[in-house]
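The values are calculated or read from the model by the stated rules, or taken from the named source; none is laboratory data. Here the structure is a predicted model, which means the values were calculated and not measured. In this analysis, Cβ positions are derived from the backbone assuming ideal geometry, glycine residues included, and neighbour counts consider all displayed protein chains. With ligands, DNA and RNA removed, areas are computed over all heavy atoms of the protein, side chains included. Shrake-Rupley method; radii C 1.70, N 1.55, O 1.52, S 1.80 Å.
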Amino acid sequence: MALLLPAVLGLVFLVLPLVGLLARTPWSTLPQRLAEPGVLTALRLSLLTATLATLLCLVLGVPLAWLLARVEFPGRRLVRALVTVPLVLPPVVGGVALLLVFGRRGLLGGWLDSTFGITLPFTTTGVVLAEAFVAMPFLVIAVEGALRGADPRYEEAAATLGAGRWTTFTHVTVPLVAPGLAAGAVLCWARALGEFGATITFAGNYPGRTQTMPLAVYLALETDLQSAVVLSLILLVVSVAILAGLRDRWITAP
C-alpha cells in the first residue's frame, strides 16, 4: 500500500497532459481545421517521409540486425553500441552530425554536390534521412531480438537441403522473424513520424517541402494555438493506434 500513492501520482503525471490536450481541442471546429491546407500538407508530407524512411530502414536495418545476431566478428559489441547511439543522442545533435556529413561542405555532401549535383539538406530527401537516422535503431533492436529468439535449426535444415543463403534468408529466416520485423517496422515508422529535432536542424522548416507535423505544431504554437492542438491530437491518435496494435507483443505481460 505504501507504493500506491506514488504509483497513482505517476499515472496522473503521465495522463493529465493528455487529458489537457483533449480538453483544449476545438471539437466544434475540428473538421474545418483538419481540412485546412496547411494541416493536410503537413500530414501528407509526414506520412510520405515516415513511410520512405521506414523503407530505407528496412533495406539497411534488417541486414544489419542479421549481421549482429548471426555473425561473430571482432568489435560486434562496439557496433551494437554505435547502432543504438541515436536512441540516446539528442536529435538536434543528430541533425548537426548529418549536416557535417551531407551538407555542401560535409564529408560526403561536397562530393555529392560537385559530382552529381545532389543537395540533401533542406530538402524532402533530407527529411527522410533525418527520420531514418533516429528511427533505424528501433527496427534493428527489434529484428535482432527476433533473430536471436528464432530457432536456427530451421535455417540449418534449409541449408542441408541445398538452399542458398539468400533463399534461406528470404524463405526461412524472414518468415520466422516476421512478427518482430513487423513490430520493429511499425515502431520505426511511428518514431519517424514524430521526429522533430534532427529534421528541423538538417532539413529546415519549409511548408510543403520539409514541414512535417511536429514542425507544424512548433510553428503553430507561435501563431495559432488551436491549430497546434489539432495537429498534436493527430499525432496522439496515431501514437495510441500504434500502441494498441502492438499491445500483445510489447505491453501485455506474459
Percent carbon-and-sulfur accessible area, the stretch 128-254, ignoring ligands, DNA and RNA, probe 1.4 Å: 66 percent
Residue-averaged 222 nm ellipticity for the chain, from DSSP H runs of 4+ at -39500 (n - 2.57), nearest 500: -23500 deg cm²/dmol
Approximate spin-label separation residue 101-residue 19, in nm, with each point projected 7 Å along Cα-to-Cβ: 4.4 nm
Max mean-square fluctuation residue, GNM over the chain, Cα-Cα springs under 10 Å, options 64, 243, 129: 243
Accessible area per residue, Å², the stretch 3-71 with all protein chains present, probe 1.4 Å: 62 Å²
Dipole of the chain [Lys/Arg +1, Asp/Glu -1 at C-beta], most positive-end residue of 69, 51, 108: 69
Folded to 0 to 90 degrees: helix 76-88 orientation relative to the chain principal axis, Cα: 10 degrees
Per residue, in Å², the accessible surface of the stretch 103-253 once ligands and nucleic acids are set aside, probe 1.4 Å: 51 Å²
Between helix 37-70 and the chain: long-axis angle, C-alpha atoms, 0 to 90°, nearest 10: 20 degrees
Mean Cα-pair separation over length for the chain, i.e. relative contact order, pairs under 8 Å, 6 or more apart, %: 29 percent
Cβ charges +1 (Lys, Arg) and -1 (Asp, Glu), total dipole of the stretch 111-248, debye: 160 debye
Rel. contact order, % - alpha carbon contacts under 8 angstrom, at least six apart, the stretch 149-254: 19 percent
Helix axis angle, 4-23 relative to the chain longest principal axis, alpha carbon, degrees: 60 degrees
Among 141, 118, 200: highest mean-square fluctuation, GNM of the chain, C-alpha pairs under 10 Å: 118
Among 195, 222, 144, residue whose mean-square fluctuation peaks in a GNM of the chain (springs only between Cα atoms under 10 Å): 222
Answer label, with Kirkwood radius over Cα pairs in Å calculated from the coordinates and candidates [x] 18.6; [y] 20.5; [z] 19.0: [y]
Within the stretch 1-98, trypsin sites (Lys or Arg not before Pro) in DSSP loop having at most 16 other beta-carbon neighbours inside 10 Å: 24
